[in-house]
Amino acid sequence: MAHNVRRVLAVETSCDDTSVAIVANDGTVESCTSANQDLAHAPFGGVVPEVASRNHTVAGADDQVVLSVTIPVGDGRPRVAMP
């Protein structure tokens with residue numbers, strides 16, 4: 001009997017951090033990656049909103065998390081998900 005797994009692409013962002021994950025309907029986190037702007041803010045000793053807004057992006061993190069998960073499609077054979 002085939003198990004019907006549904007997945008969610010979850011994106012969480014804050015002023016200076018971004019996380020992207022793939023979570024299955026049973027709560028299993030199948031893949032997760034995070035990016036931060038620590039180096040951009042280090043010279044200021046804390047988060048600078050103007051710097052954060054210019055550097056804020058999800059680009060790359062979404063590709064990285066999707067490419068790291070093998071998802072069965074169609075006939076059930078595992079294939080690497082492509083963005």
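The values are calculated or read from the model by the stated rules, or taken from the named source; none is laboratory data. In this text, all values refer to a predicted model and were calculated from it rather than measured experimentally. Because the Cβ atoms are built from the backbone with ideal geometry, glycine has one as well, and the counts that use them run over all protein chains shown. To get the accessible areas, we keep the full protein, side chains included, count just its heavy atoms, and leave off ligands, DNA and RNA. Shrake-Rupley method; radii C 1.70, N 1.55, O 1.52, S 1.80 Å.
Being open to solvent by 90 Å² or more (accessible area, probe 1.4 Å) and under 14 Å from the mean Cα position of the chain (by Cα) narrows it down to one of Leu9, Leu39, so name that one. None of the other options fit; the residue is Leu9. Among the conditions (1) surrounded by 14 or more Cβ atoms within 10 Å (Cβ to Cβ); (2) over 30 Å from Ser53 (Cβ atoms), the only one that Asp17 does not satisfy is (2). Among the residues that make up region 47-57, is at least one of them of a type outside the set (D, E, K, R), loosely packed, with under 15 Cβ neighbours inside 10 Å and at pLDDT 85 or above? Yes - at least one qualifying residue is present in region 47-57.
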